[in-house]
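Written below as structure tokens is the structure these notes are about.
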Protein chains: 4
Amino acid sequence: MNDNIREPKQQRAIEKKEKIISAGFELICKNGYYNINTAQIAEHANVSTGIVYQYFNDKYDILIEGLKKYGNDIFFPMLKDNNIKFDKNNFDKFIKDIIKYYINSHKISNIAHEEIMSMVHSDKNVADFYYKRELEITTYLKDILINNGFKDNNLFEKSHIMLGLIDNLCHEITYHKHSKMNYDVMMDIIIETIKDLFKNDLD
Amino acid sequence: MNDNIREPKQQRAIEKKEKIISAGFELICKNGYYNINTAQIAEHANVSTGIVYQYFNDKYDILIEGLKKYGNDIFFPMLKDNNIKFDKNNFDKFIKDIIKYYINSHKISNIAHEEIMSMVHSDKNVADFYYKRELEITTYLKDILINNGFKDNNLFEKSHIMLGLIDNLCHEITYHKHSKMNYDVMMDIIIETIKDLFKNDLD
Amino acid sequence: MNDNIREPKQQRAIEKKEKIISAGFELICKNGYYNINTAQIAEHANVSTGIVYQYFNDKYDILIEGLKKYGNDIFFPMLKDNNIKFDKNNFDKFIKDIIKYYINSHKISNIAHEEIMSMVHSDKNVADFYYKRELEITTYLKDILINNGFKDNNLFEKSHIMLGLIDNLCHEITYHKHSKMNYDVMMDIIIETIKDLFKNDLD
Amino acid sequence: MNDNIREPKQQRAIEKKEKIISAGFELICKNGYYNINTAQIAEHANVSTGIVYQYFNDKYDILIEGLKKYGNDIFFPMLKDNNIKFDKNNFDKFIKDIIKYYINSHKISNIAHEEIMSMVHSDKNVADFYYKRELEITTYLKDILINNGFKDNNLFEKSHIMLGLIDNLCHEITYHKHSKMNYDVMMDIIIETIKDLFKNDLD
DNA sequence: TATGAATGAGTCTTCATTCAT
DNA sequence: AATGAATGAAGACTCATTCAT
């Protein structure tokens, strides 16, 4: 472990560090942490292998920093748009929009998603990151619902369940198309279930 | 790749092969596929390194065979008990029982669960295994419901959603105790939601 | 090194040893000494791996014994036919016959030839075997020539040169067909050269 | 197979690569390809094992590159001197010179010669190299003869035969001293035979 | 700062040979 | 005499990390 990690101050150096993170994270997401080596990361970042160890303790560090920097984009891109309003009589549409959002995000970074989920299940730090984000998004959803007039009746737990339902659905749709599941039906049921979930929380 | 895999004939040899599978799978589950080497597997199985390669193509093979042999026990132990009957007026209890079952199974093989889920997300063969089992358990649940008088109203999809809800809950409970989630409340909501899911399928 | 090599006395045992030699030598000739392992030899001989070491000191032994047993067939099959007579006025035909013999033998055991020649160049024992046989065949040719009325005017050396010329020709024809050499012309030249070689040795 | 072979740019690195080739080729020639391992090559080159695989795909690569670099020196050192003139009335001397050249070259790199010839007989790439060189030297000899006034009467084929005769002789002299062959006589016969070979090609 | 050359411990895998039965 | 299971040393190759410049 190198104790002399340099925090780059010069603009060029900062850019170089960013480059390593993005290049490294990209490769790791695409190929898996164990299938990519530091030489490849350096090459992909147009940087020498040596320099990597002046900005990072080790290979693992690159992963973690990449996660911090790009994790949100991959998993919770919606976190960017805040203060959403929806027509209470058209809660359906709001749910559908979220589902679309999720499916889209799954599709865009399909492989990255899987690679990181893999690490969520095997690496404590990645897991911590992921679960923290999960709480954030849950809170975010809860706030939206409250802002739109929902009663706070265990809204936090319900939001979590709602997101769980949606995530399962998206995963199902994105990855196991081959199964004998009817996805249109499934989506309708999910929407209905979510509405039931909140049935007593609208005036 | 060695294509001269020997299928052991002597009783002692058969036991030895089993031993390698169990020892290897155990170590992999406990420490992760990439953190265990063949020497460790051999040692843990009280066997020489050479013999490993007479029964298996490679390290990966051990994982897959271990999965075939012990995967069900870890993920779907309930698959053993068939033909369950429950009091239709007490659907609640049935749901709770399944949840308990799941939580228990998560707790028993906590780490194994996570390691394998990790590979579900990064290895095609492991994923195939897992999703196949998932379909089985879904079918199994659907059959139980039908046997207990439920109407087949997209019962397959609903079963899948139900299991998803339960799995999310268990995962939540087993792994992120630290969160500010109220699990008792959550369980109640889940049960209620599941009941709503099938509200039109009971006479 | 196992000092207890058993010399098989029972008929069945003798056959078994022969089988190992022939199977082993065949595989080695076809694939090369370093590309064949004892397990394959045993399997090809329909014998257990263990038994091999009761008849042979080691893998190398099999090669040497195979060479002793089958080497002649491969390199000097003509050694079998003795006492050849030819029409002195038709020395040409005799030469051509030998060439045909050689080419045929090269073609039949093409790969074996090469594999063994490879070892002639890298293993002392194989070399010894080969050069000993070479002397035999030279002597054999010399004797034929004498029997057919040639004067012994350095006939030994000349026979050796003659065989060398033929061997080079055959090798050329059998292995580098692709070159821009005209083989018909070459053969004629060779024959002429050989006749010149002995031009003063016929009355 | 590592496909990230680095082509060394720094002077020191270039020298190191050369060092690995020469050290590796030397050891392989002296001991045989199968009796030398990469660790030994690295050690002999005063280099770590790792670096070997940054410059070469594998052990085999070292052999081939060594061959390309030093093969000519070992087999056809005369290829260096071009445009040789000789006294047509003293063709004898020219032949003798070539023989001396060959014998000398055989003697100098005795073992290397044999090890490589071994591989010529067992490895396609080595064989290709060798036969290509053989054609070159044949052409080279043919050109010399033409330059010295020989008629081109199948001169290519005759050159090849001449070289074959010389090679056999040298091999005989260098390796089987033990035989009952009279080498002085043999050399005289060879010279006479070669002269006969070209008897109609001088005016 | 930056380069890319160098290190060497670690990994998988093979195989001649021996052992238990 | 025979089997085939078992051994373990040895080999090729990789890669995170450090070093010389």
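Kindly evaluate C:SER122 against the criterion of being among the small types (Gly, Ala, Ser), more than 11 Å from DNA strand E (Cβ to nearest atom) and touching a residue at least 40 places away in the same chain (Cβ under 8 Å). Spell out the reasoning first.
Numbers: among the small types (Gly, Ala, Ser): yes; more than 11 Å from DNA strand E (Cβ to nearest atom): yes; touching a residue at least 40 places away in the same chain (Cβ under 8 Å): no.
When the stated conditions are applied, C:SER122 does not pass them.
Checking each residue in the range B:22-50 for being hydroxyl-bearing (Ser, Thr, Tyr) and touching a residue at least 24 places away in the same chain (Cβ under 8 Å) picks out B:SER22, B:TYR33.
Conditions (1) free of Cβ contacts under 8 Å to residues at least 24 places away in the same chain; (2) in a loop (DSSP other than H, G, I, E, B); (3) assigned by TED's automatic domain parsing to the domain that holds C:ILE84, marked per residue:
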{"residue": "C:TYR140", "(1), (2), (3)": "no, no, yes"}
{"residue": "C:GLY149", "(1), (2), (3)": "no, yes, yes"}
{"residue": "C:ASN153", "(1), (2), (3)": "no, yes, yes"}
{"residue": "C:ILE161", "(1), (2), (3)": "no, no, yes"}
{"residue": "C:HIS171", "(1), (2), (3)": "no, no, yes"}
{"residue": "C:MET181", "(1), (2), (3)": "yes, yes, yes"}
{"residue": "C:GLU192", "(1), (2), (3)": "yes, no, yes"}
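Scoring C:ASN148 on the criteria (1) more than 10 Å from chain D (Cβ to nearest Cβ); (2) surrounded by 17 or more Cβ atoms within 10 Å (Cβ to Cβ); (3) out of contact with any Ser or Thr (no Cβ under 9 Å at 6 or more places or on another chain) leaves a single failure, condition (2). Could you say whether any residue in the range A:57-72 is closer than 28 Å to A:PHE198 by Cα, more than 16 Å from DNA strand E (Cβ to nearest atom) and either among the aromatic types (Phe, Trp, Tyr) or modelled with pLDDT under 95 (or both)? Checked against the condition, which is being closer than 28 Å to A:PHE198 by Cα, more than 16 Å from DNA strand E (Cβ to nearest atom) and either among the aromatic types (Phe, Trp, Tyr) or modelled with pLDDT under 95 (or both), the range A:57-72 yields at least one hit.
Listed here are the residues, each with its yes/no results for (1) away from every other protein chain (no Cβ under 11 Å); (2) among the polar types (S, T, N, Q); (3) surrounded by fewer than 20 Cβ atoms within 10 Å (Cβ to Cβ); (4) in contact with a strand residue (DSSP E or B) (Cβ under 7 Å, 6 or more places away or on another chain).
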{"site": "D:LYS132", "(1), (2), (3), (4)": "no, no, yes, no"}
{"site": "D:ASN153", "(1), (2), (3), (4)": "no, yes, yes, no"}
{"site": "D:VAL185", "(1), (2), (3), (4)": "no, no, yes, no"}
{"site": "D:ASP201", "(1), (2), (3), (4)": "yes, no, yes, no"}
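Whenever a residue of the range D:8-21 is within 14 Å of chain A (Cβ to nearest Cβ) and under 17 Å from D:ILE64 (Cα atoms), it has no partner that is within 6 Å of DNA strand E (Cβ to nearest atom) and among the β-branched types (Val, Ile, Thr) lying with C-beta atoms less than 6 angstrom away and at least six residues away or across chains.
Taking the criterion of being surrounded by 20 or more Cβ atoms within 10 Å (Cβ to Cβ) and outside any helix (DSSP H, G or I), the residues of the range C:79-122 that qualify are C:HIS121, C:SER122.
Residues of the range C:100-107 include at least one that is within 11 Å of the chain's Cα centre (by Cα) and over 22 Å from D:TYR130 (Cβ atoms).
Starting from residues that are surrounded by fewer than 16 Cβ atoms within 10 Å (Cβ to Cβ) and over 20 Å from A:ASP123 (Cβ atoms), keep the ones in the range A:32-50 and report whichever is farthest from DNA strand F (Cβ to nearest atom).
Per the stated criteria, the residue is A:ASN46.
Would you say C:GLY24 is buried (at least 16 other Cβ atoms within 10 Å of the Cβ), more than 14 Å from chain D (Cβ to nearest Cβ) and under 14 Å from the mean Cα position of the chain (by Cα)? Taking the combined requirement at face value, the residue does not satisfy it. Out of C:ILE116, C:ILE64, C:ILE95, C:ILE84, one residue alone is more than 14 Å from chain D (Cβ to nearest Cβ), touching a residue at least 40 places away in the same chain (Cβ under 8 Å) and closer than 28 Å to D:CYS29 by Cα. It is C:ILE64.
Here is a check on your reading of the model: is A:LYS59 surrounded by fewer than 17 Cβ atoms within 10 Å (Cβ to Cβ) and closer than 30 Å to A:TYR101 by Cα? Give the derivation first.
Numbers: surrounded by fewer than 17 Cβ atoms within 10 Å (Cβ to Cβ): yes; closer than 30 Å to A:TYR101 by Cα: no.
No.
Checked across the range D:24-47, the condition of being modelled with pLDDT of 90 or more, assigned to a helix (DSSP H, G or I), assigned by TED's automatic domain parsing to the domain that holds D:MET187 and farther than 30 Å from D:LYS151 by Cα holds for no residue. Only one of the numbered conditions (1) within 25 Å of D:VAL126 (Cα to Cα); (2) more than 10 Å from chain D (Cβ to nearest Cβ) is not met by C:ASP123, and that is (2). The condition (being within 16 Å of DNA strand E (Cβ to nearest atom) and under 24 Å from the mean Cα position of the chain (by Cα)) is satisfied by just one residue among D:ILE111, D:ILE95, D:ILE41, D:ILE51: D:ILE41. The residues of the range C:62-78 that are crowded, with 17+ Cβ neighbours inside 10 Å and either assigned to a helix (DSSP H, G or I) or within 16 Å of DNA strand F (Cβ to nearest atom) (or both), listed by number, are C:ILE62, C:LEU63, C:ILE64, C:GLU65, C:GLY66, C:LEU67, C:TYR70, C:GLY71, C:ASN72, C:ILE74, C:PHE75, C:MET78.
The values are calculated or read from the model by the stated rules, or taken from the named source; none is laboratory data. Only a predicted model underlies this, so the values are computations on that prediction, with no experimental measurement involved. Neighbour counts are summed over all protein chains in view; Cβ atoms, including those assigned to glycine, are modelled from backbone coordinates with ideal geometry.
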